Amino acid sequence: MPRRRRTRSASPHGDCGGSPNEPRPQQRNAANARERARMRVLSKAFCRLKTTLPWVPADTKLSKLDTLRLATSYIAHLRAILTDEEVQPGIHPLNLVVCTSIHPLY
């Protein structure tokens, strides 16, 4: 059986209807704009981080998670160099293989 539509009646909460806890359309639009701006800044930061990683071609499409993993492994490699830790010969410090499966430990 199809649902019945609610008829709109004069609301005691003002012009926009709904409960007093619902944001007004202007508030919702402002919140959406703030969220879009926040995501733009975050995306630019990830793009900048990706371009600073060595041995990653500029046209490589990396997820945010892969970018963070590569950045942390690069930082660990730099830390090992600065503290004169032994870096295993023959093994590249950065694992540039992009994982397609989800690792339960990450």
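The values are calculated or read from the model by the stated rules, or taken from the named source; none is laboratory data. These figures come from a predicted structure and were not determined experimentally. Backbone-built Cβ (ideal geometry, glycine too); neighbour counts: all protein chains shown.
Would you mind stating whether residue 97 is of a type outside the set (Asp, Glu), surrounded by 11 or more Cβ atoms within 10 Å (Cβ to Cβ) and at pLDDT below 90?
In short, no.
Conditions first: (1) surrounded by 10 or more Cβ atoms within 10 Å (Cβ to Cβ); (2) under 30 Å from residue 72 (Cα atoms); (3) at pLDDT 90 or above. Residue 32 passes all but one, so which condition is the exception?
Condition (2) is where residue 32 drops out.
Give the residues of region 27-77 that are of a type in the set (A, V, I, L, M) and not in a helix (DSSP H, G or I), sorted by residue number. Don't jump to the end; show me each part of the working.
From region 27-77, those of a type in the set (A, V, I, L, M) are 30-31, 33, 37, 39, 41-42, 45, 49, 53, 56, 58, 62, 65, 68, 70-71, 75-76; that's our starting set.
Within region 27-77, 53, 56, 58, 62 meet the criteria.
Within the bounds of region 5-25, is there any residue that is at pLDDT 80 or above and in a helix (DSSP H, G or I)? Before you say what the answer is, go through the steps one by one.
We begin by selecting, within region 5-25, every residue at pLDDT 80 or above; these are 24-25.
If we keep only those that are in a helix (DSSP H, G or I) as well, we get 25.
Yes, that holds for at least one residue.
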